[in-house]
């Protein structure tokens, strides 16, 4: 519809024709009701003309390979490495299911349903929903930015979400963590101490450099990409006296000179890595040391959960726990604590409060015998 816009200090009618959200033609008209009607007629005629031309002009169909490459190149600039790899894996599974580099217009809702159902049956409802979300976002991106992308409803969002059975993350008790910490030595012991004291994510610890550690002020700078827009954010976290002493001792005793606080000490674990390079995963380390300590296996992120548990049991308010965990929204912290079972503890107190009063016994009416 035409819009009345101020042009050169005079209100005039402007007709606009949009195709797939993009302005393809516009024209200015004068003032008054007659000019508004002219603008409406021009919009209708121009839109019809463009549609007729598009039918007559043969265009190459956009392929899934072109769509995936363009989207993933953009995602690589905006997302973390883990998110990018997840999106790429979803495209690879879709390509294998559809038989290769097919045309995008052939990805109908029935194809999307069959693909996601197979993912559900072979993996889980959570895995199917994650592919649905990633491919659905990619479809919306293609409609917005790719010329020649089909003007069709999103086939992945047309499929309803599947039921999920997500197991809660196991959080070790302090006693199990202490057993693992006592068994660790050298750099491993320092790293676990940093995890529990800073309530840090794995990547934040692996990216930690000596330039991020200020012994004089007693703070450590942690960088994360888990923000609303994917930008890297740095937060200064106070170090406990225990962590400060441990890091200072490690600074003096470290056998490899590296800018990273925690790094490869030799190339035995990975031939492609050199001494001094930062770690990337170390998942096998936690599994092995937990087995040696005789405790149920847990990972680095479970230590972050344990830090939240310790703070909550110490009586710290949610606002302070949010600052330590560096959540941008308090709702995230509340969900975090709820996933650890603390809502059950609050409910337990309420139930006990209900049971404190004396219960009044209400006699049931006697059953009337049938004549």
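Observations
- Screening the candidates 136, 185 for the property of being under 28 Å from residue 279 (Cα atoms) and without any contact (Cβ under 8 Å) to a residue 60 or more places away in the chain yields one hit, 185.
- Among the criteria (1) closer than 27 Å to residue 76 by Cα; (2) in contact with a strand residue (DSSP E or B) (Cβ under 7 Å, 6 or more places away or on another chain), the one residue 238 does not fulfil is (1).
- In the set (1) without any contact (Cβ under 8 Å) to a residue 24 or more places away in the chain; (2) not in a loop (DSSP other than H, G, I, E, B), the condition left unmet by residue 255 is number (2).
- Residue match in region 35-57 (condition: in a loop (DSSP other than H, G, I, E, B) and under 15 Å from residue 150 (Cα atoms)): no
- Checking every residue in region 42-53 against the condition of being loosely packed, with under 12 Cβ neighbours inside 10 Å and in contact (Cβ under 8 Å) with a residue 40 or more places away in the chain gives zero matches.
- Matching residues, region 103-112, being over 23 Å from the mean Cα position of the chain (by Cα) and buried (at least 17 other Cβ atoms within 10 Å of the Cβ): 104, 107
- Checking each residue in region 1-19 for being in contact with a strand residue (DSSP E or B) (Cβ under 9 Å, 6 or more places away or on another chain), surrounded by fewer than 16 Cβ atoms within 10 Å (Cβ to Cβ) and in a loop (DSSP other than H, G, I, E, B) picks out only 1.
- Residue list for region 222-252, filter: outside any helix (DSSP H, G or I) and within 27 Å of residue 174 (Cβ to Cβ): 222, 224, 226, 235, 236, 237, 238, 239, 240
- Conditions (1) at pLDDT 95 or above; (2) outside the structural domain of residue 78 (by TED's automatic domain parsing); number of the one not met by residue 89: (2)
- Per the listing 296, 292, 245, 282, the residue uniquely farther than 20 Å from residue 190 by Cα, out of contact with any strand residue (DSSP E or B) (no Cβ under 6 Å at 6 or more places or on another chain), surrounded by fewer than 18 Cβ atoms within 10 Å (Cβ to Cβ) and assigned by TED's automatic domain parsing to the domain that holds residue 214 is 296.
- Positions within region 204-218 being assigned to a helix (DSSP H, G or I) and either surrounded by 21 or more Cβ atoms within 10 Å (Cβ to Cβ) or at positive phi (or both), in sequence order: 204, 205
- Close Cβ contacts (under 6 Å, 6 or more residues apart or on different chains) running from residues in region 152-172 that are modelled with pLDDT of 90 or more to residues that are surrounded by 12 or more Cβ atoms within 10 Å (Cβ to Cβ) and part of a loop (DSSP other than H, G, I, E, B) comprise 155/107; 155/108; 172/298.
The values are calculated or read from the model by the stated rules, or taken from the named source; none is laboratory data. Keep in mind the model is a prediction, meaning the values are calculated, not measured. Ideal geometry is used to build each Cβ from the backbone, glycine not excepted, and the neighbour counts take in all protein chains shown.
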